[in-house]
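The next block holds one structure in the form of C-alpha cells; read it before the comments.
Where a number appears in this text, it was derived from the coordinates with a stated rule and is not lab data. No experiment lies behind these values; they were computed from the predicted model shown. All Cβ positions, glycine included, derive from the backbone under ideal geometry; neighbour counts span all protein chains shown.
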Amino acid sequence: AQSVAQPEDQVNVAEGNPLTVKCTYSVSGNPYLFWYVQYPNRGLQFLLKYITGDNLVKGSYGFEAEFNKSQTSFHLKKPSALVSDSALYFCAVRVNTGGFKTIFGAGTRLFVKA
Amino acid sequence: KAGVTQTPRYLIKTRGQQVTLSCSPISGHRSVSWYQQTPGQGLQFLFEYFSETQRNKGNFPGRFSGRQFSNSRSEMNVSTLELGDSALYLCASSPWQGGNTIYFGEGSWLTVV
C-alpha cells in the first residue's frame with residue numbers, strides 16, 4: 001500500500017533554532033513528494049515539492065526539504081524558526097492508482113516558542 | 001490570478017438532510033479533487049475529476065458524490081447527513097489530471113447537528 005508517515009504529532013522548537021519535521025513514504029515507482037502548511041481555520045498552502053533532480057528542494061518562507069531515496073524520507077527543514085512558522089504541516093505523495101490522487105500524512109503540529 | 005474558491009465557507013445542517021458544496025478552480029485548471037479533514041481521520045481523499053469525469057474515488061460511502069461541469073467548476077453532495085460527516089471539506093485544483101501540485105481552497109466547514 002502506498003502511504004506517507006509523519007512520526008511526530010508535535011515538534012517544539014525555540015525561535016531562531018533550526019527545525020526539522022520528519023516524513024517517510026512508501027510508494028511504488030518514483031515518488032512525487034510535497035509539503036503543505038495549514039494555519040488555523042484555513043486551507044492548505046503549498047510549500048515545496050520534489051519531482052526529480054537535486055535532492056535538496058527549496059520552497060516558500062525559507063523552508064527546504066531533502067529527498068533521501070535510500071531512507072525513503074523527505075524531511076522538511078528551516079535553518080532559523082520564526083514564531084509565525086507555528087502551524088500544522090503535512091507531507092504528501094501523489095500517486096497514480098488508475099487515477100491520480102494525493103495521499104497525505106497525518107500532519108505534524110509545529111510550535112515555535114519566542 | 002484568483003485562487004480556488006469554495007462556497008459556502010460555513011454551514012450547519014441537521015441529520016438526514018443533504019448538502020451541496022461548490023468549488024471553482026484556479027482559472028485554467030481542469031482537475032479538481034476533494035478531501036475531507038477531521039481531527040480523528042486527518043485528510044481523506046474523496047474523489048478527483050478531470051474533464052467532467054470522475055477519475056479516482058476514495059473509500060467513502062455512496063452518500064458522497066460529486067460532479068464537474070464543462071467550465072471545470074465542481075460540486076460535491078452528501079446525502080442523508082450523519083453526525084460523523086461534520087468536517088472541513090477541502091477542494092483542490094491542478095492544471096491537468098497528472099499535474100503534480102494541487103492548490104487548495106479555504107474549505108467549507110460543515111457541522112451536522
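At a glance:
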read-out: Sorted largest first, extent of the range A:3-95 alpha carbons per principal axis (Å); value: 37, 27, 22
read-out: Label-zone membership for the range B:1-43, site B:Thr111, 7 angstrom Cα→C-beta point, backbone N under 12 Å; value: B:10-14
read-out: Cα pair count fraction exceeding 17 Å, expressed as % - chain B; value: 49 percent
read-out: Burial ordering of A:Arg94, B:Arg73, fewest other beta-carbon atoms within 10 Å first; value: B:Arg73, A:Arg94
read-out: Label point distance in nm, A:Arg109-B:Lys57, each placed 7 Å from Cα along Cα→Cβ; value: 3.5 nm
read-out: The range B:1-68: trypsin sites (Lys or Arg not before Pro) in DSSP coil with no more than 15 other Cβ atoms inside 10 Å; value: B:Lys1, B:Arg9, B:Arg15, B:Arg63
read-out: Within a Gaussian network of chain A (alpha carbon springs, distance under 10 Å), most fluctuating of A:Gly16, A:Gly62, A:Gly98; value: A:Gly98
read-out: Over 32 Å (Cα to Cα) - which of A:Lys77/B:Lys13; A:Lys69/B:Lys57; A:Lys49/B:Lys13 fall in this group; value: A:Lys77/B:Lys13; A:Lys49/B:Lys13
read-out: Theoretical FRET efficiency, 1/(1+(r/R0)^6), r = Cβ-Cβ of A:Ser28 and B:Arg15, R0 41 Å, to 0.05; value: 0.50
read-out: Base-10 log of normalised Debye intensity for the protein assembly as shown (one unit scatterer per alpha-carbon) at q = 0.16 Å⁻¹; value: -1.12
read-out: Model label zone, A:Lys69; criterion: amide N under 19 Å from point 7 Å along Cα-to-beta-carbon; scope the range A:40-54; value: A:49-54
